[in-house]
There are 2 protein chains.
Amino acid sequence: MPIASALSTLAAVLQRGDLRPRKGEQTRAAILDVALGLAARDGLEGLTIGTLAEQLKMSKSGVFAHFGSREELQLAVLHEYVQRFVDSVLRPAIKKPRGLPRLEALLERWVALLAREITQGCIMVAGSIEYDDRPGPLRDRMVAIVTGWKAELLKAIRQSVVEGHLRADVDAHQMTFEIYGLMLALHQDARLLRSADSIRRTRKGISRILADAASPDQPSGAPRPRRSRAPSSSTPSSRPKG
Amino acid sequence: MPIASALSTLAAVLQRGDLRPRKGEQTRAAILDVALGLAARDGLEGLTIGTLAEQLKMSKSGVFAHFGSREELQLAVLHEYVQRFVDSVLRPAIKKPRGLPRLEALLERWVALLAREITQGCIMVAGSIEYDDRPGPLRDRMVAIVTGWKAELLKAIRQSVVEGHLRADVDAHQMTFEIYGLMLALHQDARLLRSADSIRRTRKGISRILADAASPDQPSGAPRPRRSRAPSSSTPSSRPKG
């Protein structure tokens, strides 16, 4: 799996994010803002230059001036999505101390983002299904983003092991897989079933995963034979919401 | 949440399944078989009477004779999917003794079905995204099926508590939520990322959830401070595949 190249996708976005947008880029940014909303509603495959132009009350050729093709537009929307994901999830979390504080911040911010996306739908979750059997640049980008994000989670888990916050024998890939599952379940339960407690359930699941992996040297890793009754005080779900 | 009415959806399918198809229904069944394949590939929303007729080398009006509209065709495909799901997952599992044996059989058969669906895609997983914001009879049916299936899992978990196989304080809704997440992660990892170990990871996750919930009176519920190193011998993942 091209983890290194995928990581560089997120890293490149991080670097670009430090630059202020040039003036000529502001119209493009405004178009992308509307396009993001449309893609969240209709899926990236439902996004067309025609719909976008209509929504913006612009001519199709006006939109074409910024994005030469529908695919270029879709790729730009995906790029913009990643940039915002990095800004709201990754960038603030990596300011936290290495180890469990950073890992917990990553997960809590990811949950919070998904919670904000419930009304419109998440471009990444829906896109993972849309492009799972549709070869091409969009699928490739989608795979790179998911893989890159998983690599960030893996890194945070491994740093938590190095810091002595998680056990040395923790299976970081397994943890990442299970955490991703909770996020997908959140999206399905909240949007398809309109369940009111999917966010709380996701936090509780994360708490259980972190508690299972906690180092016995850590206060939060004390043996808890009835773990569902004693959530770790340092995990995101320690702040019950409902 | 209309669990009772949803349950009756699956129950009704179970009863219908006991009848042998009448002769006149065989053409319809053959059409549905092809339609199921197309819906798995293109999504239920991608399924049209035109594509189906082309695939079957039939006239459109020939297909229309069996399904009066595209929506009726989509609903029939969904119904057929549930019937097969019940036949391959639910029906064999409920022959197992109540409690953990039945719950484990349900989960292992569900994993096995998803594993078979990896190449084509799962109509239910993809449909959950397709219809999450598309009101109408298909969304309603999708919600009823997912809710009904969750109710079957809840019942099996609660019976496991009654039988003394799982702890009395187990949160059955939380378990169901987390298990569903593993299945969604399996689908994403296997299809988008083409990961080779998603089935093994799903089984391992299920094993951890069941071990955490195991009654201390059960041999498989013995305290295991390093649970990732000591999977329960009675859980599906005790048969490692890779």
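The values are calculated or read from the model by the stated rules, or taken from the named source; none is laboratory data. Being a predicted model, the structure only gives us computed values, none of them experimental. Heads up, the Cβs are rebuilt from the backbone with ideal geometry, glycines too, and the neighbour counts pull from every protein chain shown. Calculation scope for accessible area: heavy atoms of the full protein, side chains included, ligands and nucleic acids excluded. Shrake-Rupley method; radii C 1.70, N 1.55, O 1.52, S 1.80 Å.
For the range A:48-164, rounded, prolate or oblate, judged on the Cα gyration tensor with a ≥ b ≥ c (square roots of eigenvalues), a/c < 1.5 rounded, else prolate if a/b > b/c? Kindly include the intermediate steps, with their values, before the conclusion.
Details: a/c = 2.74, a/b = 2.15, b/c = 1.27.
Prolate, since a/c reaches 1.5 and a/b exceeds b/c.
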Inter-centroid distance (Cα atoms) of the range B:56-120 relative to the range A:164-194, Å: 27 Å
Long-range amide H contacts for A:Leu166: which residues qualify at under 5 Å (H placed 1.01 Å from N, peptide plane, sequence gap of 5 or more or a different chain)? A:Val161, A:Ser215
Quick calc: nm separation of the 7 Å Cα→Cβ label points for A:Ala65 and B:Arg194 -> 4.1 nm
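From the Cα gyration tensor of the range B:128-225, with a ≥ b ≥ c the square roots of its eigenvalues, which class applies: rounded if a/c is under 1.5, or else prolate if a/b is larger than b/c, or else oblate?
Numbers: a/c = 3.75, a/b = 1.45, b/c = 2.59.
Oblate shape, in that a/c is at least 1.5 and b/c is the bigger or equal ratio.
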Can you list the aspartates and glutamates whose alpha carbon sits under 15 Å from that of B:Lys57, skipping same-chain ones fewer than 8 residues off? B:Asp33
Convert each backbone phi in the range B:150-166 into a coupling constant with the Karplus relation 6.51 cos²θ - 1.76 cosθ + 1.60 (shift: θ = phi - 60°), then list the ³J(HN,Hα) values in order as whole Hz, x for Gly and Pro. 4, 5, 5, 5, 4, 4, 5, 5, 5, 5, 5, 5, 4, 6, x, 7, 10
Under the Karplus relation with 6.51, -1.76 and 1.60 and θ = phi - 60°, whole-Hz ³J(HN,Hα) for the range A:108-115, x at Gly and Pro, equal 5, 6, 5, 4, 4, 5, 4, 4
In what sequence, highest mean first, do B:102-112, A:61-71 appear when ranked by Cβ atoms within 10 angstrom? B:102-112, A:61-71
For label points placed 7 Å from Cα toward Cβ, what is the shortest-first list of nm distances from A:Ala30 to its copies? 6.0
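Per residue of B:141-147, count partner chain C-beta atoms within 10 Å of its C-beta, then hand back the mean as an integer. The partial results should precede the final answer.
Details: counts 0, 2, 3, 0, 0, 4, 3.
Partner-chain Cβ atoms within 10 Å, mean over residues of B:141-147: 2.
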10 Å Cβ neighbours from other chains, averaged over peptide B:190-203: 4
Every other copy gets compared here: list the nm distances from the B:Val162 label point (7 Å along Cα to Cβ) to its counterparts, shortest first, one decimal. 5.2
So what does B:Val143 come to for accessible area, using a 1.4 Å probe and Å² rounded to 10? 30 Å²
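What does the net charge come to around A:Glu117 if you take all other residues with beta carbon closer than 13 Å to its beta carbon, with K and R at +1 and D and E at -1?
Numbers: positive: A:Arg41, A:Arg84, A:Arg109, A:Arg116, A:Arg191; negative: B:Asp132, B:Asp133.
In short, +3.
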Cα gyration tensor shape for the range A:105-179, rounded if a/c is under 1.5, else prolate or oblate: oblate
